[in-house]
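Asks: Sharing a structure, written as structure tokens. Questions coming.
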């Protein structure tokens with residue numbers, strides 16, 4: 001009898017454990033009719049998560065029948081986790097999609113097209129042109145951006161003045177001149193915080209785009225108006241040669257391996273005089289104890305010999321998982337985050353270029369370090385906004401390839417000509433489909 | 001029936017047989033039932049993903065476009081072998097494993113011998129020395145990345161202050177230096193494991209053997225090679241095997257310090273696998289995963305055959 005009970009108990013335990021592995025799903029409806037949305041963010045950092053939680057509390061107060069559970073994976077692995085969640089169709093309703101991930105997420109039908117739900121939405125009128133354009137790519141609305149990242153030049157006002165220059169570099173050739181003069185390796189002081197590590201391709205492409213700005217296709221900033229890639233243009237060769245000179249004559253030798261943290265650290269601890277970065281760095285540099293507020297400022301993006309620059313806008317936003325069974329509630333949440341005070345607070349707290357037209361009048365954006373962004377916005381013919389093909393499914397593959405090859409150039413294992421030929425072949429083949 | 005048997009009566013000759021038979025039948029079912037949760041768990045969370053991942057290795061499984069996931073046979077394997085970087089990656093893997101392992105064994109052994117001696121605050125010393133093993137590999141990589149930073153890092157600063165170098169070494173910017181830097185970080189991390197394992201093995205060697213050796217007039221070196229080393233050889237052999245497999249499969253430090261750079265020159269097989277996965281090519285990444293599994297299985301089999309105790313020595 002005893003052994004029978006033991007056998008039954010063992011089988012019972014086995015069954016319970018086996019069955020516990022089953023089940024899942026994103027949202028859940030509790031007995032009181034409350035819907036729980038699962039929301040997952042990608043570019044996680046503690047301050048940002050705090051802001052987001054505050055906004056979600058506001059949303060829950062305004063919508064007592066909806067609860068939002070925020071999932072915040074570490075940034076390095078977040079996109080892969082989101083990818084797995086979307087692929088499995090479980091555990092997520094609202095998702096942070098980035099311009100570099102939305103392409104593959106959309107192509108694999110993991111994201112929901114919100115076009116029909118947002119038709120006639122009054123919030124469209126309050127969004128900037130950029131925000132609307134990025135929301136409606138290829139006739140589909142997979143996400144609504146929450147802000148934009150854009151390049152500008154952070155510079156040391158005191159060092160530039162001491163070196164005898166009347167102002168910050170306005171062009172890439174100015175940057176070469178000033179970096180070379182300010183470069184003092186023996187004193188551990190350098191000109192430009194060169195990006196040779198992760199995402200090194202982004203700044204290299206910015207130089208090439210500035211040199212080919214007159215011929216660029218604004219709908220695809222990797223293409224010339226004649227249909228060829230920007231990497232095939234003779235101006236691209238000059239751009240890369242000049243860029244390599246900046247590395248050799250005006251940058252730290254170890255910047256071959258510098259990614260975001262080293263670049264920002266190099267500028268904020270006073271080792272380098274120039275830094276090309278997104279506005280989110282403003283908050284970090286303000287906290288620096290090595291350089292005071294009157295020692296640095298922000299200038300517009302550097303121009304090429306054309307006198308123009310292409311602003312490579314980057315963005316991310318909120319979308320909905322195709323497998324979500326709480327789409328109406330998810331739409332409510334996305335509308336809430338994309339307008340009024342929640343949208344402004346999110347962009348301010350995260351140092352993002354705002355998505356709302358009204359924000360430009362806010363002194364926060366029109367004064368101090370943000371003034372350079374207003375200058376760029378007010379001069380659209382000089383600082384041309386063009387769309388990089390960051391949404392294509394192979395964008396991550398491109399980043400890995402281009403970063404690796406650029407490091408080869410910096411370490412002397414490849415010439416700039418070989419690099420441009422390789423990049424041209426890659427994009428010509430990809431764009432041909 | 002059992003209760004009705006008269007006290008002191010000899011057991012029936014067939015009783016044990018019946019008990020054994022009944023025991024086998026019921027216990028087999030019970031054992032199976034008790035094993036089932038673990039078996040189901042391992043099956044779902046280990047073997048199913050492994051088999052699922054293995055079949056990806058023979059298919060065109062690219063997350064950038066899942067519309068065509070057809071079978072490609074050995075295509076992914078051929079593409080890997082034809083990759084001009086593959087030779088460098090294999091060479092780096094060997095350098096990474098051997099370069100990390102040998103100093104780890106030597107320093108770990110020395111530390112274990114040191115910690116075996118009784119002295120004041122030995123427990124506190126042990127805790128300090130074992131500390132690195134409790135830290136995440138990725139975090140260690142991040143710390144060493146800053147330590148080896150040419151301009152702001154403590155390593156160059158110390159070397160310059162001591163007068164060993166005049167100009168900063170671009171540790172993470174030159175492939176040769178970068179490989180050295182990541183191996184130094186891994187040695188620091190892994191020494192602890194050997195110290196722990198060898199210390200445990202040393203404590204199991206009986207004092208009588210050392211006393212007998214001392215009576216026979218054996219010196220310290222002779223005692224080490226004739227008593228200590230043979231007594232812990234099995235533990236040492238298995239620890240080395242385990243460590244080789246772990247180091248082979250340990251991309252954390254490299255990924256955090258160099259990301260496989262500069263110019264993809266510090267990739268080992270597992271960091272390269274991460275790179276391919278991030279590019280979305282799960283087919284090639286799975287093929288690389290299978291290569292790793294079979295290489296390590298073959299290595300483990302040969303290694304165990306090589307280090308097993310010889311009958312003649314028993």
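The values are calculated or read from the model by the stated rules, or taken from the named source; none is laboratory data. Note that the structure is predicted; figures quoted are calculated from it, not measured. Cβ coordinates were reconstructed from backbone atoms using ideal geometry, including for glycine residues, and neighbour counts include every protein chain displayed.
Asks: Hey, any hits in the stretch B:260-283 for a residue that's more than 14 Å from every other protein chain (Cβ to nearest Cβ), without any contact (Cβ under 8 Å) to a residue 12 or more places away in the chain and either surrounded by fewer than 21 Cβ atoms within 10 Å (Cβ to Cβ) or part of a helix (DSSP H, G or I) (or both)?
Replies: The first filter runs over the stretch B:260-283 and keeps only residues more than 14 Å from every other protein chain (Cβ to nearest Cβ), leaving B:268-270.
When the remaining residues are screened for being without any contact (Cβ under 8 Å) to a residue 12 or more places away in the chain, the result is none.
No, the stretch B:260-283 contains no residue that is more than 14 Å from every other protein chain (Cβ to nearest Cβ), without any contact (Cβ under 8 Å) to a residue 12 or more places away in the chain and either surrounded by fewer than 21 Cβ atoms within 10 Å (Cβ to Cβ) or part of a helix (DSSP H, G or I) (or both).
Asks: For the stretch A:106-132, which residues satisfy the criterion of being surrounded by fewer than 18 Cβ atoms within 10 Å (Cβ to Cβ) and modelled with pLDDT under 85?
Replies: Answer for the stretch A:106-132, where residues must be surrounded by fewer than 18 Cβ atoms within 10 Å (Cβ to Cβ) and modelled with pLDDT under 85: A:107, A:129.
Asks: Moving on. With respect to residue A:66, is the statement that it is surrounded by 14 or more Cβ atoms within 10 Å (Cβ to Cβ), more than 10 Å from every other protein chain (Cβ to nearest Cβ) and at pLDDT 95 or above true? Reasoning before the result, please.
Replies: Values: surrounded by 14 or more Cβ atoms within 10 Å (Cβ to Cβ): yes; more than 10 Å from every other protein chain (Cβ to nearest Cβ): yes; at pLDDT 95 or above: yes.
So residue A:66 passes the test.
Asks: Now, a different point. Select from the stretch A:191-229 the residues that are surrounded by fewer than 23 Cβ atoms within 10 Å (Cβ to Cβ) and assigned to a loop (DSSP other than H, G, I, E, B) and write down the one among them that is nearest to the other protein chains (Cβ to nearest Cβ).
Replies: So the residue we want is A:198.
Asks: Could you grab me the full set of residues in the stretch A:401-416 that are assigned to a loop (DSSP other than H, G, I, E, B) and within 9 Å of another protein chain (Cβ to nearest Cβ)? Steps first, answer last, please.
Replies: The first filter runs over the stretch A:401-416 and keeps only residues assigned to a loop (DSSP other than H, G, I, E, B), leaving A:411-415.
The answer is A:411, A:413, A:414.
Asks: In the stretch A:27-49, how many are over 22 Å from residue A:75 (Cβ atoms) and either touching a helix residue (DSSP H, G or I) at 6+ places or on another chain (Cβ under 7 Å) or at pLDDT below 90 (or both)? Lay out the reasoning, then the answer.
Replies: The initial filter retains those residues of the stretch A:27-49 that are over 22 Å from residue A:75 (Cβ atoms), namely A:27-36.
Checking which are either touching a helix residue (DSSP H, G or I) at 6+ places or on another chain (Cβ under 7 Å) or at pLDDT below 90 (or both) leaves us with A:27-35.
Residues flagged as over 22 Å from residue A:75 (Cβ atoms) and either touching a helix residue (DSSP H, G or I) at 6+ places or on another chain (Cβ under 7 Å) or at pLDDT below 90 (or both) within the stretch A:27-49 amount to 9.
Asks: Just a yes or no: is a residue in the stretch B:232-253 surrounded by fewer than 19 Cβ atoms within 10 Å (Cβ to Cβ), in a loop (DSSP other than H, G, I, E, B) and in contact (Cβ under 8 Å) with a residue 40 or more places away in the chain?
Replies: Checked against the condition, which is being surrounded by fewer than 19 Cβ atoms within 10 Å (Cβ to Cβ), in a loop (DSSP other than H, G, I, E, B) and in contact (Cβ under 8 Å) with a residue 40 or more places away in the chain, the stretch B:232-253 yields at least one hit.
Asks: Pick from the stretch A:254-274 the residues that are in contact with a strand residue (DSSP E or B) (Cβ under 9 Å, 6 or more places away or on another chain) and surrounded by fewer than 24 Cβ atoms within 10 Å (Cβ to Cβ): which of them is nearest to the other protein chains (Cβ to nearest Cβ)?
Replies: Step one: filter the stretch A:254-274 for residues in contact with a strand residue (DSSP E or B) (Cβ under 9 Å, 6 or more places away or on another chain), giving A:255, A:260, A:263-264, A:266-268, A:270-274.
With the extra rule that they be surrounded by fewer than 24 Cβ atoms within 10 Å (Cβ to Cβ), the set shrinks to A:260, A:264, A:268, A:270-271.
Working: A:260: 12, A:264: 12, A:268: 11, A:270: 11, A:271: 6 Å.
Among those that are in contact with a strand residue (DSSP E or B) (Cβ under 9 Å, 6 or more places away or on another chain) and surrounded by fewer than 24 Cβ atoms within 10 Å (Cβ to Cβ), it is A:271.
Asks: In a helix (DSSP H, G or I) and over 15 Å from residue B:113 (Cβ atoms), is that true of residue B:171? Break it down stepwise before answering.
Replies: Working: in a helix (DSSP H, G or I): no; over 15 Å from residue B:113 (Cβ atoms): yes.
Judged against the criteria, residue B:171 is not a match.
Asks: Still on this structure, I have one more. Step by step: first the residues of the stretch A:73-100, then only those that are farther than 20 Å from residue A:37 by Cβ and assigned to a loop (DSSP other than H, G, I, E, B), then the one that is nearest to the other protein chains (Cβ to nearest Cβ). Which residue is that?
Replies: The qualifying residue nearest to the other protein chains (Cβ to nearest Cβ) is A:74.
Asks: Which of the residues that make up the stretch B:160-179 are away from chain A (no Cβ under 14 Å) and either within 26 Å of residue B:131 (Cβ to Cβ) or buried (at least 21 other Cβ atoms within 10 Å of the Cβ) (or both)?
Replies: The answer is B:162, and nothing else.
Asks: Quick one: in the stretch A:240-253, of everything that is within 12 Å of another protein chain (Cβ to nearest Cβ) and in a helix (DSSP H, G or I), which residue is nearest to residue A:304 (Cα to Cα)? It would help to see each step written out before you state the result.
Replies: So in the stretch A:240-253, the residues within 12 Å of another protein chain (Cβ to nearest Cβ) come out as A:247, A:251-253.
Still in the list and also in a helix (DSSP H, G or I): A:247, A:253.
On the way: A:247: 17, A:253: 24 Å.
Among residues in the stretch A:240-253 that are within 12 Å of another protein chain (Cβ to nearest Cβ) and in a helix (DSSP H, G or I), the one nearest to residue A:304 (Cα to Cα) is A:247.
Asks: I need the full set of residues from the stretch A:388-400 which are out of contact with any strand residue (DSSP E or B) (no Cβ under 6 Å at 6 or more places or on another chain), more than 8 Å from every other protein chain (Cβ to nearest Cβ) and either part of a loop (DSSP other than H, G, I, E, B) or surrounded by fewer than 19 Cβ atoms within 10 Å (Cβ to Cβ) (or both), in order please.
Replies: Those that are out of contact with any strand residue (DSSP E or B) (no Cβ under 6 Å at 6 or more places or on another chain), more than 8 Å from every other protein chain (Cβ to nearest Cβ) and either part of a loop (DSSP other than H, G, I, E, B) or surrounded by fewer than 19 Cβ atoms within 10 Å (Cβ to Cβ) (or both): A:390, A:391, A:392.
Asks: Kindly check whether there is at least one residue in the stretch B:204-224 that is without any contact (Cβ under 8 Å) to a residue 24 or more places away in the chain, in a loop (DSSP other than H, G, I, E, B), more than 30 Å from the chain's Cα centre (by Cα) and buried (at least 21 other Cβ atoms within 10 Å of the Cβ).
Replies: Checking the stretch B:204-224: not a single residue is without any contact (Cβ under 8 Å) to a residue 24 or more places away in the chain, in a loop (DSSP other than H, G, I, E, B), more than 30 Å from the chain's Cα centre (by Cα) and buried (at least 21 other Cβ atoms within 10 Å of the Cβ).
Asks: Checking the condition modelled with pLDDT under 90 and at negative phi, which residue from B:144, B:131, B:148 passes? Give the derivation first.
Replies: Working: B:144 fails: modelled with pLDDT under 90; B:148 fails: modelled with pLDDT under 90.
Among B:144, B:131, B:148, only B:131 is modelled with pLDDT under 90 and at negative phi.
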